[in-house]
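S.K.: Following this message is one structure expressed as structure tokens.
The values are calculated or read from the model by the stated rules, or taken from the named source; none is laboratory data. No experiment lies behind these values; they were computed from the predicted model shown. So basically every Cβ, Gly included, is an ideal-geometry build from the backbone, and we count neighbours across all protein chains shown. Note: accessible area is taken over every heavy atom of the protein model, side chains too, but ligands, DNA and RNA are not part of it. Shrake-Rupley method; radii C 1.70, N 1.55, O 1.52, S 1.80 Å.
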Amino acid sequence: MIFNTGAALLDAIVLAVVSKDSEGTYGYKITQDVREAIDVSESTLYPVLRRLQKDNCLEVYDMEYGGRNRRYYKVTAKGMVQLKLYYEEWKSYSKKINKMFEGVE
Amino acid sequence: MTKIEFMNQLEELLRDLPSEEREAALTYYDDYFEDAGPDNTDAVISELGSPERIAAFIKSDLNDNSFKDSEKFIYTENGYKDTTIEEDRYEVVSNDYQEFEEEKSSADSESKTTYSKVTGKDNNNTSKILLIIIICIVAIPLGVPVLGTAFGLIVGILATIFGLFVALVAIAGSFLIGGLVLFIAGVVQLFITPINGILMCGAGLILFGLGTLGAILTMLVCTKVIPVMVRGIVDLCRKLFKKRGTTQ
């Protein structure tokens, strides 16, 4: 991938990925899903998740799985609002960029 | 390296963080290894890089703590502006990694380079602003009298021009009126002393003619020169204010 993903877009993608699971999802899975869209290193995602958590866009809870505790991330109400905002911005942004590329073959 | 070794080193590197942060990070990566499965431990480690790398990422992100939501994104008329991208501070993807892989020196110097990369740009801006302030302060003792003189000159010139204009109007007006009066008086005289009468009529007509010329000139000035002057002043003001706007 040649286009750099800025902090905002990364936040948006992570929120979108986590929001797909109504009960929330865990770090490893989030990373795998995000990497389906963008080629980002695994070590990038923890700071993002941590920041979203501190901004109250994500909440965490622990649940037992296979005899150990697993930490789950879930989108909060504020996170959903933020995600919608991001989505609107993305639609407007990508529309403008697509317009630029019109006619290029 | 085994998972235990990795996690131990990571814990050591995060020692200077508040315990809550450290615990959260360690839990996350511990979970991560577990979810990847024991077979994938090597793959995960090679993808994560080194404990130093992870630690540096965590720390540099925490130092960007001053970025509250309200400062991160400014809502401009063109939509949300991501200040982190603009300032080139938070390039999360490929670039940081390249720099990291290339120099495998000690963890401390790595973290330091990340820090200086993050704070470098700030220093430039503050010292520039400081310089401008100092120049302004020094310039005041000299600047005030100079500005005063310039202002006085401008006002004087404008007043002169205005005075001339008023004089023109006055002359035109008086010629018109005077000429007319003289002409009428001349007509009256025609019946008394014809020669005088003709002289007065002629002079009156001349004056009237000159007065008309003056009036036309006045009107020309009104319709052409003044709009140009006004536009010129407005442009000047706009330029001054625009300049002020950008330095602020």
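S.K.: Pull out the extension gain between B:LYS128 and B:GLU47, defined as 0.36 nm times the separation in residues minus the alpha carbon to alpha carbon distance; nm, one decimal.
M.R.: That pair, B:LYS128 and B:GLU47, stretches by 25.0 nm at full extension.
S.K.: Pull out the extension gain between A:THR76 and A:GLU23, defined as 0.36 nm times the separation in residues minus the alpha carbon to alpha carbon distance; nm, one decimal.
M.R.: Using 0.36 nm per residue and subtracting the Cα-Cα distance, I get 18.0 nm.
S.K.: With every protein chain left in place, what is the accessible area per residue of the stretch B:147-242 in square angstrom, probe 1.4 Å?
M.R.: Details: 7070 Å² over 96 residues.
Value returned for the stretch B:147-242: 74 Å² of accessible area per residue.
S.K.: Looking only at the stretch B:22-38, which residues have a backbone nitrogen under 18 Å from a spot 7 Å from the Cα of A:ARG35 in the C-beta direction?
M.R.: B:28-38
S.K.: Averaging the inverse of every distinct alpha carbon separation and then flipping it gives the Kirkwood radius. What is it for the stretch B:3-49, in angstrom units?
M.R.: On the way: mean 1/r = 0.0912 Å⁻¹.
It works out to 11.0 Å.
S.K.: With axes computed from alpha carbons, what is the tilt in degrees of helix A:27-37 against the longest principal axis of chain A, rounded to the nearest 10 within 0 to 90?
M.R.: The helix A:27-37 is inclined about 10 degrees to chain A.
S.K.: Can you tell me the order of B:212-222, B:175-185, B:228-238, B:160-170 when each peptide is scored by its average per-residue count of other Cβ atoms within 10 angstrom, highest first? Walk me through the numbers before you get to the answer.
M.R.: Numbers: B:212-222: 13.8, B:175-185: 16.9, B:228-238: 10.3, B:160-170: 11.8.
Highest to lowest by the protection proxy: B:175-185, B:212-222, B:160-170, B:228-238.
S.K.: What is the average number of partner chain Cβ atoms found within 10 Å of a Cβ in B:20-33?
M.R.: Counting Cβ atoms of other protein chains within 10 Å of each residue's Cβ and averaging gives 4.
S.K.: What is the P(r) of the stretch B:147-242, as percent of Cα-Cα pairs per 10 Å bin from 0?
M.R.: Calculated P(r), rounded to whole percents: 16, 27, 22, 16, 11, 6, 2, 0.
S.K.: Given the options A:LEU45, A:LEU15, A:LEU85, state which has the largest fluctuation in a GNM of chain A using a 10 Å cut-off (strictly under) for Cα springs.
M.R.: Its mean-square fluctuation being the largest, the pick is A:LEU85.
S.K.: Right, something else. For peptide A:67-77, how many partner chain Cβ atoms fall within 10 Å of a residue's Cβ, on average? Provide the component values of the computation, followed by the final result.
M.R.: Working: counts 0, 3, 4, 4, 6, 1, 1, 0, 0, 0, 0.
Partner-chain Cβ atoms within 10 Å, mean over residues of A:67-77: 2.
S.K.: Take every residue in peptide A:3-11, count the Cβ atoms of other chains within 10 Å of its Cβ, and give the average of those counts.
M.R.: 6
S.K.: Chain pair B, A: how much accessible area is buried, both chains summed, with a 1.4 Å probe, in Å² to 100? Could the numbers behind the result be given before it?
M.R.: On the way: alone 18540 and 7570 Å², together 22930 Å².
Approximately 3200 Å², summed over both chains.
S.K.: Right, something else. Given a 1.4 angstrom probe, what's the average accessible area per residue across the stretch A:7-101, in square angstrom?
M.R.: Working: 5000 Å² over 95 residues.
Per-residue value: 53 Å².
S.K.: Something else now. In whole Å, largest first, what are the principal axis extents of the Cα atoms in chain A?
M.R.: 57, 27, 20
S.K.: Let me ask something else. Just to be sure I follow the rule: in chain A, considering lysines 8 or more places apart or on different chains, how many pairs have Cα atoms under 22 Å apart?
M.R.: 16
S.K.: Residue separation times 0.36 nm, minus the C-alpha to C-alpha distance between B:LEU190 and B:LEU62: what's the value?
M.R.: Working it through step by step, the gained length comes to 35.5 nm.
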